[in-house]
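Working notes, beginning with the structure itself.
The values are calculated or read from the model by the stated rules, or taken from the named source; none is laboratory data. These figures come from a predicted structure and were not determined experimentally. Cβ atoms come from the backbone with ideal geometry, glycine included; neighbour counts cover every protein chain shown. Each accessible area value is taken on the protein alone, full model and side chains, heavy atoms only, with ligands, DNA and RNA left out. Shrake-Rupley method; radii C 1.70, N 1.55, O 1.52, S 1.80 Å.
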Amino acid sequence: VCYFYAATNAQNGTSYRISSGLNGIGTIVHHSIAAFMVSGFDTGYILRTRQVVKVMLPLVVQHWVAPTKYVSFGFYISSTLGRCGSRVVWGRAAGLSEGSRVGQRGLGVS
C-alpha cells in the first residue's frame, strides 16, 4: 500500500513514482502467487511434485535473503543479482522450458 501511495503522491519525483509503482505491482503479484501456491498445496489442488517444489524454492530463498540488506547491502545486491540468473537455470532444471501439463488431481506437473 505504501508503494502505491508513494506512486500517486505528486510531491515525489517522476522516477521515484515510477519505481514505487513498479515495486507495488511486483509485491502484489509476488505475494498473490505465493499465497495461491500455499493454499493450493494445503487443499490438494496443486500436487507437490519435484518440479513444483523447484519453482517454489526461489520464492522462499528470496524471503530468506531480503533481511540481509540491513546487515550487508553488498551481499544483498550480489545475492539479488545472482537470483536473477539462477531463475533461468532453476526453471530449466525444473523442466519448465518443456512446458507443464495438468495432472489428474490438479495443476501438478506430470
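Give me the residue from the range 28-45 that is loosely packed, with under 11 Cβ neighbours inside 10 Å and aliphatic (A, V, I, L, M) and, out of that set, farthest from Val60 (Cα to Cα). Among them, the one singled out is Val29. Among residues of the range 25-51 that are among the β-branched types (Val, Ile, Thr), those with a Cβ under 8 angstrom from a residue that is exposed (fewer than 14 other Cβ atoms within 10 Å of the Cβ) and not in a helix (DSSP H, G or I), sequence gap 6+ or separate chain, pair up as Thr49/Ser110. Applying a threshold of 6 Å to beta carbon distances and a minimum spacing of six or more residues, or different chains, the list of pairs starting in the range 62-74 at a residue that is farther than 16 Å from Thr27 by Cα and open to solvent by 70 Å² or more (accessible area, probe 1.4 Å) and ending at one that is in a helix (DSSP H, G or I) and among the hydroxyl-bearing types (Ser, Thr, Tyr) reads Lys69/Tyr76. State yes or no: is Pro58 in a helix (DSSP H, G or I), in contact (Cβ under 8 Å) with a residue 12 or more places away in the chain and of a type outside the set (A, V, I, L, M, F, W, C)? Answer is yes for this residue.
How many residues does the range 1-21 contain that are assigned to a loop (DSSP other than H, G, I, E, B) and open to solvent by 60 Å² or more (accessible area, probe 1.4 Å)? Please lay out each step first, then the result.
Just the residues of the range 1-21 that are assigned to a loop (DSSP other than H, G, I, E, B), to begin with: 1, 9-13.
Those left that are additionally open to solvent by 60 Å² or more (accessible area, probe 1.4 Å): 1, 10-11.
The number of residues fulfilling the criteria is 3.
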